[in-house]
1. Tell me, yes or no, whether segment B:200-211 has at least one residue that is under 16 Å from B:A242 (Cα atoms), in contact with a strand residue (DSSP E or B) (Cβ under 9 Å, 6 or more places away or on another chain), crowded, with 20+ Cβ neighbours inside 10 Å and modelled with pLDDT of 90 or more.
2. Which residues, counting only those in segment B:51-88, are within 14 Å of chain A (Cβ to nearest Cβ), surrounded by fewer than 24 Cβ atoms within 10 Å (Cβ to Cβ) and on the phi > 0 side of the Ramachandran plot?
3. Within segment B:115-128, which residues are facing another protein chain (nearest Cβ under 8 Å), touching a helix residue (DSSP H, G or I) at 6+ places or on another chain (Cβ under 8 Å) and either part of a loop (DSSP other than H, G, I, E, B) or not aromatic (F, W, Y) (or both)?
4. Scan segment B:89-99 for residues that are touching a strand residue (DSSP E or B) at 6+ places or on another chain (Cβ under 6 Å) and either at the interface with another protein chain (Cβ under 7 Å from one of its Cβ atoms) or among the small types (G, A, S) (or both) and jot them down.
5. Among the residues that make up segment B:146-157, is at least one of them assigned to a strand (DSSP E or B) and in contact with a strand residue (DSSP E or B) (Cβ under 7 Å, 6 or more places away or on another chain)?
6. Looking only at residues in segment A:18-45 that are more than 9 Å from chain B (Cβ to nearest Cβ) and outside any loop (DSSP other than H, G, I, E, B), which one is surrounded by the most Cβ atoms within 10 Å (Cβ to Cβ)?
7. Read through the list (1) without any contact (Cβ under 8 Å) to a residue 60 or more places away in the chain; (2) not in a loop (DSSP other than H, G, I, E, B), then give the number of the only condition that B:R142 fails.
Amino acid sequence: MTDAGNDDRTDDRGEARTGFDPRMLEALVCPRTGGTLRYDAAAGELISDAARLAFPIRGGIPVMLVDEARALDD
Amino acid sequence: MSAKTTHFGFRTVEEADKAGMVRGVFTGVAPKYDLMNDMMSLGIHRLWKDAMMDWLAPRPGQHLLDVAGGTGDLAFRFLSRAGRAHATVLDLTEPMLAEGRKRAASASIPAGGRLDWVAGDAMALPFRADSFDVCTIAFGIRNVTRIPDALSEACRVLRPGGRFMALEFSRVPNDLLRKVYDLYSFGVIPGMGRVIAGDSESYRYLVESIRRFPDQETFAAMIRDAGFGHVGYRNLTMGVAALHSGWKL
């Protein structure tokens, strides 16, 4: 990750492929329901089970916008 | 037409459309945004942001949320002053955050400092209540579709005793100075935008949105209505900009 210089200065528990720092889940919630999010490292998404939405992580940045989220089918 | 309307610069648009239009403006200008700010304000925006940090007095261990934080200008200042602290930058426009993240690689963040980036909406902050010690918004609140919603959200995510501070263009009280300022901003800034960023329309929007924004007292009343206490403001550069401060009690 050449574009994530600041990550080097934190204790790097971030997932390598998405560049997402899971410690962010301490404060992050679903913008629609205010509920807890689940980190799907394989898909690179933050899942809101209550809202049935998957929020993408792009370039290490969680995109917490409802109109950018993917609706979960079932 | 039954849809609710709002302002986009001097135009009236449907509420539902504004966020996309604002995102369009900032996606277009993202790579040149910092350079344009320097050109348009003759570098003065840096002094205003420093004045904001002087009043805010960041301390070690604090967690800042910078709403509409774009390329991270305030977050970098906050971290370098606070020392070991944590800053979260939220913005509606992904390319602005990506630009900031690139800058973070070369910025000097103190050891133990932590910085993260989130794309999100100021009117529906994706954070738990009582999460932050400080919430700032610099030159962002006037782009929000429903300002009272953004102020309420700022209050919600601050912990009791937390501080809110907004830096925004404001109203020059002196009539003559205001005329000079209007000539500069409407006559010069869109042209600069065309030359530097290749986009005069986006910069026309910026100038018009500045004129539409409520004056110092009106904005202070809105901050009080959102639930903040001890609300006050300071004029910067004769009121071209103002700093507003409030506390979650």
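1. No - not one qualifying residue is present in segment B:200-211.
2. B:G83 - this is the single residue of segment B:51-88 that is within 14 Å of chain A (Cβ to nearest Cβ), surrounded by fewer than 24 Cβ atoms within 10 Å (Cβ to Cβ) and on the phi > 0 side of the Ramachandran plot.
3. As a first pass, look at segment B:115-128 and keep what is facing another protein chain (nearest Cβ under 8 Å): B:115-121, B:124-128.
Pick out the ones that are also touching a helix residue (DSSP H, G or I) at 6+ places or on another chain (Cβ under 8 Å) and you get B:115-119, B:121, B:124-125, B:127-128.
Those that are facing another protein chain (nearest Cβ under 8 Å), touching a helix residue (DSSP H, G or I) at 6+ places or on another chain (Cβ under 8 Å) and either part of a loop (DSSP other than H, G, I, E, B) or not aromatic (F, W, Y) (or both): B:L115, B:D116, B:V118, B:A119, B:D121, B:A124, B:L125, B:R128.
4. B:E94, B:L97
5. In the first step, residues of segment B:146-157 are kept if they are assigned to a strand (DSSP E or B); the result is none.
No, every residue in segment B:146-157 fails to be assigned to a strand (DSSP E or B) and in contact with a strand residue (DSSP E or B) (Cβ under 7 Å, 6 or more places away or on another chain).
6. Among them, the one singled out is A:E45.
7. (1)
Conditions tested, residue by residue: (1) among the acidic types (D, E); (2) assigned to a helix (DSSP H, G or I); (3) modelled with pLDDT under 90.
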| position | (1), (2), (3) |
| --- | --- |
| B:F26 | no, yes, yes |
| B:V29 | no, yes, yes |
| B:D38 | yes, yes, yes |
| B:P58 | no, no, no |
| B:D66 | yes, no, no |
| B:G69 | no, no, no |
| B:R81 | no, yes, no |
| B:T88 | no, no, no |
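The values are calculated or read from the model by the stated rules, or taken from the named source; none is laboratory data. None of these values were measured; they are calculated from a predicted model. As a convention, Cβ positions derive from the backbone with ideal geometry for all residues, glycine included, and neighbour counts pool all protein chains shown.
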